[in-house]
């Protein structure tokens, strides 16, 4: 083995084992904060890294829309953007959305169904000057990305799913006993969120109390394989919002997943090899519903592979999308 190959492998191992922080300074990643009015209220986004002239999206530019999962915000994606900059293959024309109910966006409870939320995201893209896009969705965000791809097929170029919510999660929401036995980690978290959501603000106060007691890392431990950066735990303390989580589960449970048969673009799935929210039938079900679906597993990662192994996720995205 050559010396250069050995050094490259050592560098890769070091990046994999070093905790990746979340970034809260959008400007450091070439992003700016905007508030976009939509049919479901104001949605806060971080956007930038445009390829058009004078930092204005050209008519033919393709946006990259990032959709976080429950208990997340735009910062979920910052390790992935930082990884793309290290590789000198930056993710461009980026729109990082705070979904309603999380981050700085409005109350999720005014949203009646997944379709209404998807429509609002398309409104954001249009307001920023884009008429076509690629979608990158984590967990719940992946679920939403698939709806957008199905219902706005002409505008959607490709979809990258990262540990997307699938049939296993939906079964656990719809059938508490049967689904819960298959995905006990998700079922347990959902039960806690449902209980805490009954008191709304008090429920968030309980979450903050868990954090102040130093127990948030233990609470989130099943989601990760490695020892994540303190900034990740701090973000969970802020974004674990029981009412929003419970409401998202309700509207997801009512969704008709056969809608995804209308997807015509490539769908590439990246999932941590130890994702506790992955159902055994998820990949097979998506293969049946989506004509061009392919999934890879990232080793030594849990439900947040984009945070634990951003370089590996980015490499998988580049490799799969070049197929």
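Values as computed for the structure displayed
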quantity: Label-to-label distance, nm, for residues given as residue 51 and residue 176 (7 Å Cα→Cβ offset); calculated: 4.9
quantity: Footprinting exposure proxy for 113, 25, 98 (fewest neighbouring C-beta atoms within 10 Å first); calculated: 25, 113, 98
quantity: Proxy reagent accessibility, fewest Cβ within 10 Å first, across 260, 133, 199; calculated: 199, 260, 133
quantity: Cα gyration tensor category, rounded, prolate or oblate, for segment 189-323 with a/c compared to 1.5; calculated: oblate
quantity: Label-to-label distance, nm, for residues given as residue 33 and residue 294 (7 Å Cα→Cβ offset); calculated: 4.0
quantity: Rounded to 5, the percent of DSSP beta bridges in the chain classed as antiparallel; calculated: 30
quantity: Contour excess over end-to-end distance, with Cα ends at residue 230 and residue 131 and 0.36 nm allotted per residue; calculated: 31.9 nm
quantity: Prolate/oblate/rounded call for segment 60-153, Cα gyration tensor, a/c under 1.5 rounded; calculated: oblate
quantity: Radius of gyration and Dmax over the Cα atoms of segment 77-233, both given in Å; calculated: 17.6, 50
quantity: Per-selection Rg to Rh, the chain - Cα, Kirkwood hydrodynamic radius; calculated: 0.94
quantity: Sequence of 109, 258, 204 once ranked by neighbouring C-beta atoms within 10 Å, starting from the fewest; calculated: 258, 109, 204
quantity: Distance in nm between pseudo-label sites at residue 92 and residue 287 (7 Å out along the Cβ direction from Cα); calculated: 3.5
quantity: Euclidean distance of C-alpha centroids, segment 197-257 and segment 22-43, integer Å; calculated: 21
quantity: Radius, Kirkwood style, for segment 246-320 when every pair of distinct Cα atoms is counted (Å); calculated: 13.7
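Values quoted throughout were computed directly from the atomic coordinates according to the rules given, and no laboratory measurement underlies them. Everything quoted here is computed from the prediction, not taken from an experiment. Ideal geometry is used to build each Cβ from the backbone, glycine not excepted, and the neighbour counts take in all protein chains shown.
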